[in-house]
Structures are given as structure tokens and as C-alpha cells.
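S.K.: Sending over a structure as C-alpha cells; questions will come in a sec.
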Amino acid sequence: MQRGRLRVALIYGGRSAEHEVSLRSARSVFEAMDRAKYEPIPVLITKDGGWFKMRAHVSSFDQQTCPEEADRLIVSPDPMHKGFLISGNRGGHEPLSVDVVFPVLHGTYGEDGAVQGLLELANVPYVGCGVLASAVGMDKVLMKAAFIQAGLDVGPFFWFLRSQWRSDPEPILERIKRSNYPLFVKPANLGSSVGITRVEHEAAFEEAVDLAASFDRKLLVEDGIPGRELEVGVLGNDEPVASLPGEIVPQAKFYDYEEKYLRDTAQLAIPANLPSDVSQRTGEIAVRAFKAIDGSGLARVDMFLTPEGRLLVNEINTLPGFTSISMYPKLWEATGLPYSRLVDKLIELALERFRDKQETSTERKPA
Ligand SMILES: Nc1ncnc2c1ncn2[C@@H]1O[C@H](COP(=O)(O)OP(=O)(O)O)[C@@H](O)[C@H]1O
Ligand SMILES: [Mg+2]
């Protein structure tokens, strides 16, 4: 690099239900970045999808802060611009080139490969998974297919399209008659539990499907898995490593999904209190899950430990919560990698992956 400091665009906010979480995650990253090494440039995506360059100041991560029209920004798909163009009201388009992009977005458009696709066209290095891994990691059906293919255990499930549910629900209703309750009904492509229902009995099934169908055209039904809920961090590119596992510990007498998400009373145990062989297995499984979707950079792999000692993979999150008190960074801290070094490492991995990609030819060379 010619410049002393790397210019790092932090993209945050976004058109997703997880906009607010993203503001908090991005603020933590911003605060942790070593100013001797990095020049952070906050880039806010508003809830209605506008992109803005923000001031390099913590206040840029407040919900109340309004972006300036003059700082409106677009990602340029032309690699010559190396990133962005300021398209505000000054007339013309000023380039804003960056060395690396750190998308600190969660959920739709940020975690599903859409933003990653833009950054591929722009030909700038970016932190985290590429287009394919992001998209597969967002779709609860396709991620399970990848896990099964890699020989990992997942719980029993089936899936169908909304259009099937609306035109011919009978086979689906027949199928759930033979199921054990509780069931979990989910939209395939959302995060943060939006649209998910824990269904206790057959009478509640239809309403649960209708709710999930309002969020996605693809739906899945899973058997409820009894047991403990563990989460493992994965970090790396072609040779990823796993953190120690953490656990989401229920506080009430019976632990359910409402407690975790609606009442927010669950706590994190980091590391999880587990025999060392089980702890080690969680790491092996997490790395295999990461490789199964062809991940890069980072991901958090969530799994259930059943009373019989089986580990079933629930899901992979390619842009997990990243506030300084979130599970993913806390897991790495417990494994010996403090938050700011984790940020360094992710940026290094982004640059490494970019260099690796530059070696890949996109044209057939003349003989
Ligand atoms: N099959 C299941 N069995 C038991 N609990 C589940 C199951 N699926 C989801 N849950 C509970 O619901 C939460 C949210 O579901 P999850 O599939 O992780 O969706 P999200 O992408 O919204 O995080 C899980 O963390 C877990 O507590
Ligand atoms: Mg989850």
C-alpha cells in the first residue's frame, strides 16, 4: 500500500430488521480500530436504502444522526474507482477510493450476498464471506443441504413453497399430523427470529405457516430439538479455526425461544461448561460447517447438544452480531484473541482472500 494507513469503509445500517443491531456492531468496530493502522470511513445505509458517507465520529452510529444530502454515495461497479462515488448535490461524481470494506450489516441485503456482489464488481477487498457463502448461509434450506452433504447432523425438517401452501396445503397438513411437537415453522431467509413460531399443537400450525409465508416464499418446518444451545466462532479463509464454544443459558425454569427473543432474559456462558471432548467436537463441526458453505473470513455456527450427546447443526451466520458484548467477539476473546486484534485479523483475511482471487484468471489465455 502506498498510504501509511489503510482506508477501511465500514458499511452499516441497512434495509433490514437488524438495522439497529448493525449500528451497535459498527460502532464497536469503529471504536476498536487502531488509528495508527486504519482510517475508518463510516458508510451508512439508511432504512430506505440510501448510502451516505458519514463523519468519522462515534455520533455517526447514533440512531438519531441524519446523513447530509451532499454526502450521498454509490458503490461504483467500475473497478477503476476502487470503491465509491460521492453522488451528492455538488454536481458530478467524486471518487472515494478505499483499501478494504468491512460490511457490518446483518440480515437481508447485508448478509445474503447482495452487498458482497456489488463489492465483487467494484473489485475491492471486503471482510467476510463471498457471494455464494453469504447466500447459502442465509437460506436455512440450502445451508442444511450443504451440511448434510458434508456429513454433518441436522435435525429432521421438511420445506415447501408458499405457492404450494396456498394452492394445495393437504399434503403438508397430512405430513405434520405424523410429527412430534413442538415444531418450529420458519421462513427460509430471515434472521433474528422474525417470522419464526414454535408450534405446540396441530391447531396452531396454519397460523404459523401464514405468518412465515408473509416473510418469505420458501418455508421450512423443523422438529423441535431438546437440549442445550451452543455457538462457535469460526475465523479464517482456506484453513479456518474454531473458537471455544459458548452457550445460551436459559434463566427461567423452562427455556424457550420466547424467553430468548421476546423477554431477552437468557444469558451467555463463555466458554460453555462442557467436557473437553464435546468442546473439541463443537469446533470440528463448526469448521466443517464453514467449509461446507465455502465460507471465508468469519461465521458463527449454532448447534444443539441433545440429552443423548448428539450435536446437531442449527444454522450458520456469516455476519454474526459484532458488538463488543456479542457472542462472536466474546468467544474469540475467551480463546485468546481480543476484540481489536480480531478486527485486525478480519481485515488481513479480507486482503489475503482478495490477493488469492487476483491470481484467478477470468479469461482463457491465448495459446
Ligand atoms: N428446531 C429447533 N428446535 C429447538 N429450538 C429451535 C429450533 N429452531 C429454532 N429454535 C430456537 O429458535 C431460535 C431462532 O431460530 P434460528 O433458526 O436460529 O433462527 P434465526 O436465524 O432467526 O436466528 C434458536 O436460537 C432456538 O432457540
Ligand atoms: Mg439463530
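The values are calculated or read from the model by the stated rules, or taken from the named source; none is laboratory data. Since the structure is predicted, the reported quantities are computational estimates derived from the model, not experimental observations. As a convention, Cβ positions derive from the backbone with ideal geometry for all residues, glycine included, and neighbour counts pool all protein chains shown. Ligands, DNA and RNA are stripped out before the accessible areas are found, and what is left, the full protein with its side chains, is counted by its heavy atoms. Shrake-Rupley method; radii C 1.70, N 1.55, O 1.52, S 1.80 Å.
S.K.: For the chain, with all protein chains present and a 1.4 Å probe, just round the carbon and sulfur fraction of the accessible area to a whole percent. Numbers along the way, then the final one.
M.R.: On the way: 8740 of 17480 Å².
The nonpolar share, carbon plus sulfur, comes to 50 percent.
S.K.: Now, a different point. Obtain the nm distance between the two label points defined at SER214 and PHE354 by a simple spin-label model: each point lies 7 Å from its Cα along the Cα-to-C-beta direction.
M.R.: So the two model labels end up 4.3 nm from each other.
S.K.: Can you tell me which of 232-244, 74-86 comes out highest on packing, and rank the rest after it, using the mean Cβ neighbours within 10 Å?
M.R.: Result, highest mean Cβ count within 10 Å first: 232-244, 74-86.
S.K.: Does region 19-58 classify as rounded, prolate or oblate by the C-alpha gyration tensor (a ≥ b ≥ c root eigenvalues; a/c under 1.5 gives rounded; else a/b over b/c gives prolate, otherwise oblate)?
M.R.: oblate
S.K.: For region 30-45, take each phi angle, set θ = phi - 60°, evaluate the Karplus expression 6.51 cos²θ - 1.76 cosθ + 1.60, and give the result in whole Hz per residue in order, putting x for glycine and proline.
M.R.: With the stated coefficients, region 30-45 comes to 4, 5, 7, 6, 5, 5, 6, 9, 10, 10, x, 10, x, 10, 8, 9 Hz.
S.K.: Per the Cauchy relation, a quarter of the hull surface: what is the mean projected area of the convex hull of the alpha carbons in the chain, in nm²?
M.R.: Numbers: hull surface 88.2 nm².
Result: a mean projected hull area of 22.0 nm².
S.K.: Per DSSP helix of 4 or more residues, -39500 (n - 2.57); summed, then divided by the residues of the chain. What does that give at 222 nm, rounded to the nearest 500?
M.R.: Mean residue ellipticity, 222 nm, calculated: -9000 deg cm²/dmol.
S.K.: Continuing with this model, one more query. Quick one: Karplus J couplings for region 69-83, per residue in order, coefficients 6.51, -1.76, 1.60, θ = phi - 60°, nearest Hz, x for Gly and Pro?
M.R.: My calculation for region 69-83 gives 4, 5, 9, 4, 9, 10, 7, 8, x, 8, x, 4, 7, 6, x Hz in order.
S.K.: Now, a different point. Apply 1/(1 + (r/R0)^6) to the Cβ-Cβ distance of ARG198 and ARG341, taking R0 = 35 Å, and write down the FRET efficiency to the nearest 0.05. Write out the running numbers ahead of the final one.
M.R.: Values: r = 38 Å, r/R0 = 1.10.
Once rounded, the FRET efficiency stands at 0.35.
S.K.: Moving to a separate point now. Apply the Karplus parameterisation 6.51 cos²θ - 1.76 cosθ + 1.60, with θ equal to phi minus 60°, to every residue of region 287-296 and state each ³J(HN,Hα) to the nearest whole Hz, in sequence, with x for glycine and proline.
M.R.: Once rounded to whole Hz, the list reads 5, 5, 5, 4, 5, 4, 9, 6, x, 8.
S.K.: Of the peptides 337-343, 287-293, how do they stack up when ordered by the mean number of other Cβ atoms within 10 Å, highest first? Don't jump to the answer; show the numbers that get you there.
M.R.: Values: 337-343: 18.1, 287-293: 23.1.
Going by the mean number of other Cβ atoms within 10 Å, highest first, we get 287-293, 337-343.
S.K.: Counting only DSSP beta bridges with both residues in region 6-126, what percent are antiparallel, rounded to the nearest 5?
M.R.: Close to 45 percent.
S.K.: Would you kindly compute the Cα radius of gyration of region 283-367 and its largest Cα-Cα separation (Dmax), both in Å?
M.R.: In order Rg, Dmax, the Cα atoms of region 283-367 give 16.8, 61 Å.
S.K.: For a bin width of 5 Å, list the pair-distance distribution of region 121-254 built from all Cα-Cα distances, rounded to whole %.
M.R.: With a bin width of 5 Å, the distribution comes to 2, 8, 15, 19, 19, 14, 10, 7, 4, 1, 0.
S.K.: Once you order the gyration tensor axes a ≥ b ≥ c over the Cα atoms, which shape class does region 157-223 get: rounded for a/c under 1.5, otherwise prolate or oblate by comparing a/b with b/c? Mind dumping the intermediate values first?
M.R.: Details: a/c = 1.72, a/b = 1.13, b/c = 1.52.
Verdict is oblate for region 157-223.
S.K.: Find how many whole Å separate the alpha carbon centroid of region 150-226 from the alpha carbon centroid of region 80-114.
M.R.: 37 Å
S.K.: Amide H to amide H under 5 Å from GLU94: which residues, 5+ apart in sequence or cross-chain, H placed 1.01 Å off N in plane?
M.R.: Residues meeting the amide H criterion: ILE86.
S.K.: Counting heavy atoms of the protein chains only and a 1.4 Å probe, report the per residue accessible area for the chain as a whole number of Å². Please list the in-between numbers first.
M.R.: Numbers: 17480 Å² over 367 residues.
I get 48 Å² per residue for the chain.
S.K.: Please state the shape class of region 6-126: rounded when a/c is under 1.5, otherwise prolate if a/b exceeds b/c and oblate if not, all from the C-alpha gyration tensor. Don't jump to the answer; show the numbers that get you there.
M.R.: Numbers: a/c = 1.20, a/b = 1.18, b/c = 1.01.
It comes out rounded by the Cα gyration axes.
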